[in-house]
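Student: Please read through the structure below; I'll follow up with questions.
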Amino acid sequence: MKKAPKPISLGDILIYPLWFDSMGAKSSSLLVETPDIRLLVDPGASEMQPSFPLPPDERKRLREEALGVIKEAAKEADTVFISHYHYDHHTHPLEAPELYRGKELWIKDPNRFINRSQWDRARVFVKELSEISGEEFEAHLGPPGSLEASFDSWPTRRKKDKKWVEDLVSLWRGGEWVREGRIGDMRVRFADGREFRKGGTRVLFTEPLFHGGEYDRVGWVVALLIECGGKKLLYSSDLQGPVIEAYASWIVREFPDVLILDGPPTYLLGYLFGQRDLQRAIANTKAIIEGTAPELIIYDHHLPRDPKFRERTQEVWELAKKRGRKFLTCAELFGEEPVVLSTLQGP
C-alpha cells in the first residue's frame, strides 16, 4: 500500500497523512490506526483552483494521484469518517465504491446544521451508496425529525444572518430526512456530537462547527478526536484558522499530542475572506501554539493554495519556531517543498 514514507507514531496510534493541499491537490485525508480501529478520514480530493500556479492537466493529474493514494488506504480501513460534503472531503460512491463498501460510515448529519448545497450533496451521496448496493434511495428516507435547538436565541447580529438561519431551519423542518442504518454491507451513522469506544480507543466527533467565521454561508463541519493509550489526535476539519476564538480555546483545552489544523484561506483574501478574519485566524493559531505542547502540528489544507501563504501568516511560523514547535505542512513532513512554492521556482 502506498502510504506516507512512515507513519506518525503516537504511542498506540499510527497516523498516515494521505494527501493535503501542500502536495498539489485539495484534500485533507488521513488513515488512523490503533489496535482497535482503522479509520479513514475525509476520503476526497479536488483539483486546485484555476489561479493555482500549475497547468490544468497537471492539476488534474495530481487530483487523480491523490485519489489513488486514498483508494489504496481504504483497503486497510474498516471505518470511514466524512466531516462535511465538500468534494475535497468525500468522493462520489459511483466513482470510487471501494472507499465505502463493507465499512462503517460516520458521516456529517445530512439533515441538520447543513446549508442548502451540502443538503443536496449529502442526498446525492446516500443515493449513490444505495445504487452501489442495488437498493432504492427512497427506502432510506423518512419524515423530518425533531430540531431540539431553539434557533430564535442564536446571537445573530445581522438581519441577513437571521434570515439565512430561518431559511435553513425551514429546509431542515420541511424536507425528507435521510435515515441512519444499513445500506447494503455498509452501516451509516451520523457523527455530529457523538462518540464511541472500541477496545481501548475513544473516537469523539464534535457538535457542528462553522466552516470559517460565524454564520459562514459555507455551513458546518464536524471535527474529530481520537484517544488511545493516553495519547490524543485532534483533526480540526475546515475551521480555517480557526477564525472563531471559541474553537481555538477548545483546542487548547483538549491539549492534543498531534494536531492537524486547517489554516486560513489566504488565496481568497479580499474576495471571500477578509483581513479581519485573517488577523483573527493568526491570533487564534498563536494562542494554540502558546497554550498547547503537541509533538507535531500539521498546518495545511486551505493555507498552501496561496503562493504568499507563508508571508501572510509569518507571525505564526515565527512563534512556532521560537517555542520549538514542530509546525509544518504535510509536504514538508514528507521532506518536500509545498507544490505552490516549488512551481514558482521553475525547473
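Read-outs: derived from the displayed coordinates by stated rules, not from any lab. Only a predicted model underlies this, so the values are computations on that prediction, with no experimental measurement involved. Virtual Cβ from ideal backbone geometry, glycine too; neighbours counted across all protein chains shown.
Student: For Glu290 and Lys159, calculate 0.36 nm times their separation in residues minus their Cα-Cα distance, and state this gained length in nm to one decimal.
Tutor: Separation in residues times 0.36 nm, less the Cα-Cα distance, equals 43.5 nm.
Student: Sticking with this structure for a sec: Quick one: 3J(HN,Hα) in Hz for the stretch 288-303, Karplus 6.51/-1.76/1.60 with θ = phi - 60°, rounded, Gly and Pro as x.
Tutor: Each residue's phi maps through the Karplus curve to give 5, 4, 6, x, 10, 9, x, 5, 7, 10, 8, 10, 8, 6, 4, 5 Hz.
Student: For the stretch 78-135, with equal point scatterers placed on the C-alpha atoms only and solvent neglected, what are the log10 I(q)/I(0) values from the Debye formula at q = 0.14, 0.20 1/Å, to two decimals?
Tutor: -0.34, -0.71
Student: So, one more: Near the amide H of Val188, under 5 Å away, which other amide H atoms are found, from residues 5 or more places off or on another chain, if H is placed in the peptide plane?
Tutor: Result for Val188 returns Leu105, Gly181, Arg182, Ile183.
Student: Where does the Debye-calculated log10 I(q)/I(0) of the stretch 200-341 sit at q = 0.09, 0.21, 0.22 Å⁻¹, using only Cα point scatterers of equal weight, no solvent?
Tutor: At q = 0.09, 0.21, 0.22 Å⁻¹ the computed log10 ratios are -0.25, -1.38, -1.50.
Student: Normalised radius of gyration for the chain, please: alpha carbon Rg relative to 2.2 N^0.38 Å, two decimal places.
Tutor: 0.96
Student: Could you work out the relative contact order of the chain? I mean the mean sequence separation of Cα pairs under 8 Å and 6+ apart, divided by the number of residues, in percent.
Tutor: Averaging sequence separation for qualifying contacts and normalising by length gives 16 percent for the chain.
Student: Would you mind checking which residues have amide H under 5 Å from Arg38's amide H? H placed 1.01 Å from N; only 5 or more apart, or other chain.
Tutor: Excluding prolines and chain starts, which carry no amide H, the hits are Asp78, Thr79.
Student: I want to check the label-to-label distance for Arg253 and Lys308. Put each point 7 Å from Cα in the C-beta direction and report it in nm to one decimal.
Tutor: 3.7 nm
Student: Next up: For Arg173 and Val124 in one chain, what is 0.36 nm times their gap in residues minus the Cα-Cα distance, to one decimal in nm?
Tutor: Taking 0.36 nm per residue and subtracting the Cα distance, the gain is 15.7 nm.
Student: Show that you can apply the helix-only estimate: for the chain, add -39,500 (n - 2.57) for every DSSP H stretch of four or more residues, divide by all residues, and state [θ] at 222 nm to the nearest 500.
Tutor: -9000 deg cm²/dmol
Student: Where both partners of a DSSP beta bridge lie in the chain, what percent of those bridges are antiparallel, to the nearest 5?
Tutor: Beta bridges within the chain, antiparallel portion: roughly 60 percent.
Student: In terms of modelled amide H atoms, which long-range or inter-chain residues lie less than 5 Å from the amide H of Trp19?
Tutor: Ser29
Student: Say the dipole of the chain comes from +1 at the beta carbon of Lys and Arg and -1 at that of Asp and Glu; which of Thr343, Leu94, Gly181 then lies farthest toward its positive end?
Tutor: Thr343
Student: Need one number: nm distance between label points at Leu225 and Arg202, each 7 Å from Cα along Cα→Cβ, rounded to one decimal.
Tutor: Each label point lies 7 Å from its Cα, and together they span 0.7 nm.
Student: How large is the direction-averaged shadow of the alpha-carbon convex hull of the stretch 1-157, in nm²?
Tutor: With the hull built on Cα positions only, its mean projection is 12.9 nm².
Student: Here is a further query. If every alpha-carbon in the stretch 40-100 counts as one equal scatterer, what log10 I(q)/I(0) does Debye give at q = 0.12, 0.17, 0.25 1/Å?
Tutor: With one equal scatterer per Cα and no solvent, log10 I(q)/I(0) is -0.30, -0.57, -1.02.
Student: Kindly flag which residue pairs out of Lys160/Lys232; Lys231/Lys321; Lys60/Lys163; Lys108/Lys160 have an alpha-carbon separation exceeding 32 Å in this structure.
Tutor: Where the Cα-Cα span goes over 32 Å, the pairs concerned are Lys160/Lys232; Lys60/Lys163.
Student: Next question. Read phi for every residue in the stretch 66-72 and hand back ³J(HN,Hα) as whole Hz from Karplus 6.51 cos²θ - 1.76 cosθ + 1.60, θ = phi - 60°, with x for Gly and Pro.
Tutor: Each residue's phi maps through the Karplus curve to give 4, 5, x, 5, 5, 4, 4 Hz.
Student: Treating the beta-carbon of each Lys and Arg as +1 and of each Asp and Glu as -1, no other charges, what is the dipole magnitude of the stretch 8-345 about its Cα centre, to the nearest 20 debye?
Tutor: With only Lys, Arg, Asp and Glu charged at Cβ, the dipole is about 860 debye.
Student: Can you work out the FRET efficiency for the pair Glu95 and Lys322, with r the C-beta to C-beta distance and R0 = 35 Å, to the nearest 0.05?
Tutor: 0.20
Student: Residue by residue through the stretch 139-147, which ³J(HN,Hα) values in whole Hz follow from phi under the Karplus form 6.51 cos²θ - 1.76 cosθ + 1.60 (θ = phi - 60°), with glycine and proline marked x?
Tutor: Per-residue couplings from phi come out as 5, 10, 10, x, x, x, x, 8, 10 Hz.
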